[in-house]
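Just below is one structure, and these are the notes that go with it.
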Amino acid sequence: MNNLIEFFRKNFHFFLFAVLLVVSLVMLGKSLAYSEYKFAKVFQSTVGPIQKSWSEMIHRFSLGQENEDLVRQNMALMREQSNMFMEKEDTVLSMMSETDSLHPKSVRLYDYTYAHVIYNTTDQAFNYIIIDKGQRDGICRDMAVTGPKGVVGVVSDVSNNFASIISILHPDSRISAIVSPINQVGTVVWESGDPSVAYLENIPQHLEINIGDSVLTSGYSNIFPKGLLVGTVKEVSVGKNASFLTIKVKLATDFKRLNTVYLIENLYKSELDTLKANFKDE
Amino acid sequence: MNNVLSNILRFAVVLVLQVFICSNIHLFGFATPALYLLALLLLPLELPKSVQYLIGFAAGFVVDMFAYTYGVNMAASLIVMFVRPYLVKLLNGRNTTEGVDRPVPGVKDTKWMFTYVIVLSFLHQFFVVMLEAHSFRHFGYSLMAIVADSVFTAFVLLCVLYIFYPARKTR
């Protein structure tokens, strides 16, 4: 017995090492599973405010006010683009619904707001972005997020003052997209590794895709409006799966330099979702 | 006592710099220096091993909390603290008594210093990158990141070390 205690005391540091290593690996393992993301929220609430004030300070050094004004002006212009509205025939039915003064026959379908990125990763297997606006600023789940250059991701979780975004650089993110000249619908997915390249799936092999073709959002998901740039085709090859092409897409957004993002809300999302809820699965 | 205080102060300064500045640097898109390794490498070697592990764990915890990479830096710096005494023993060779307490340029020669810093920063960055990627699928990309990170880290650490602990003129 004494020997055992002696042995333990002599090797105490080794046991401590093993225990601490196991603790850190368990933490790592838990943070990978999305359902355990709660765990991260505890940290987010303590560290978030510190990071926010820090990023505000950095912001002050980088022409913050000037930038802010331009962002607001941009937003006002983007709100008036045609893909924000749905066109309605001038019938009795449409006259009863609310109409916009500028476009008497069109109904606003999407609306914009903007936010600043306070946390962002690109080199991990699951990449998230956190922005400085939350529930109190009208952010809600499933809002679309775009940057100045192209699509960024979708809002996944909202707290009072912050919101987290699943960026395209996340295996769970699937964005419905079309290849520009031929308008064929596919899905943009990302596999871990290079943060500037994603894949466009479900494009049949007989179609002709050229390098440099634009990949745009399709607007079928009710999350993204139609026609936002996702990226451009970088490489086309015949995949292992014989019926589809393997298409590498160079993402338009530079995820490493993300500062201001625009959030797009589909004003009729709940209505569309109730319709979709009645779809039969298989 | 003075030594303890200066170590604590060093940790505070290095961790603040790491969390707010170094973690946000991505040279060439991916190379991020782990400056906080400096405080770990300068810990007195005669500290009990278990204390060293706890310190490494705590430092990694702070960095992880701000970087939202739970467990990655903890495990990596824990492993660094584990390997460090054995590396020092190996580097010292037969003359074990000579300046064991302070692994700084003034006490150790250039070759000793460079090996010490480069090996440990490579080890640290290897685990950081591999744990973050948690797969061998994109090994090429990971390898590139490991090399870039550890070269950058070692460079920064050696610069800081030689600026703040200048080597004395040869006896």
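Please treat every number below as a calculation from the coordinates, not as lab data. Just so it is clear, the structure is predicted and the values come from calculations on it, not from any experiment. Cβ atoms come from the backbone with ideal geometry, glycine included; neighbour counts cover every protein chain shown.
If you take the Cα centroid of segment A:256-271 and the Cα centroid of segment A:117-145, the two points sit 10 Å apart.
Ignore the peptide's own chain and count Cβ atoms of other chains within 10 Å of each Cβ in A:18-26; give me the average, rounded. If you can, show how the numbers build up before the last one.
Values: counts 3, 2, 13, 8, 1, 6, 15, 6, 2.
So the per-residue partner count for this stretch is 6.
One Cα centroid belongs to segment B:17-73, the other to segment A:200-220; the line between them spans 44 Å.
From helices alone, chain A scores -9500 deg cm²/dmol at 222 nm; the rule is -39500 (n - 2.57) for each run of n ≥ 4 DSSP H residues, then divide by the residue total. From the largest down, segment B:2-164 spans 45, 30, 30 angstrom on the principal axes of its Cα atoms. Of A:Lys226/A:Lys248; A:Lys30/A:Lys250; A:Lys52/A:Lys248, which sit over 27 Å apart, Cα to Cα? Where the Cα-Cα span goes over 27 Å, the pairs concerned are A:Lys30/A:Lys250; A:Lys52/A:Lys248. Counting Cβ atoms of other protein chains within 10 Å of each Cβ in A:113-120 and taking the mean gives 1.
For segment A:175-255, what does the alpha-carbon gyration tensor say about shape, rounded, prolate or oblate, given a ≥ b ≥ c as the root eigenvalues, a/c under 1.5 as rounded, and a/b over b/c as prolate? Oblate is the answer for segment A:175-255, as a/c is 1.5 or above yet b/c matches or exceeds a/b.
When the helix-only estimate is applied to chain B (DSSP H runs of n ≥ 4, each -39,500 (n - 2.57), divided by the residue count), what is the mean residue ellipticity at 222 nm, nearest 500 deg cm²/dmol?
On the way: 6 runs with 114 residues, N = 171.
Computed ellipticity for chain B at 222 nm equals -23000 deg cm²/dmol.
Neighbour counting of Cβ atoms within 10 Å sorts the residues A:Thr217, A:Thr232, fewest neighbours leading, into A:Thr232, A:Thr217. For segment A:201-282, the set of trypsin sites (Lys or Arg not before Pro) satisfying both a DSSP loop assignment and a count of at most 13 other C-beta atoms within 10 Å is given as A:Lys240, A:Lys280. Couplings for segment A:161-177, taken from phi via the Karplus curve 6.51 cos²θ - 1.76 cosθ + 1.60 with θ = phi - 60°, read 10, 10, 9, 10, 10, 7, 7, 4, 7, 8, x, 7, 7, 10, 10, 6, 9 Hz in order; Gly and Pro are left as x.
Where in segment B:7-85 are there chymotrypsin sites (Phe, Trp or Tyr not before Pro) that are in a DSSP coil and have at most 12 other Cβ atoms within 10 angstrom of their Cβ?
B:Phe28
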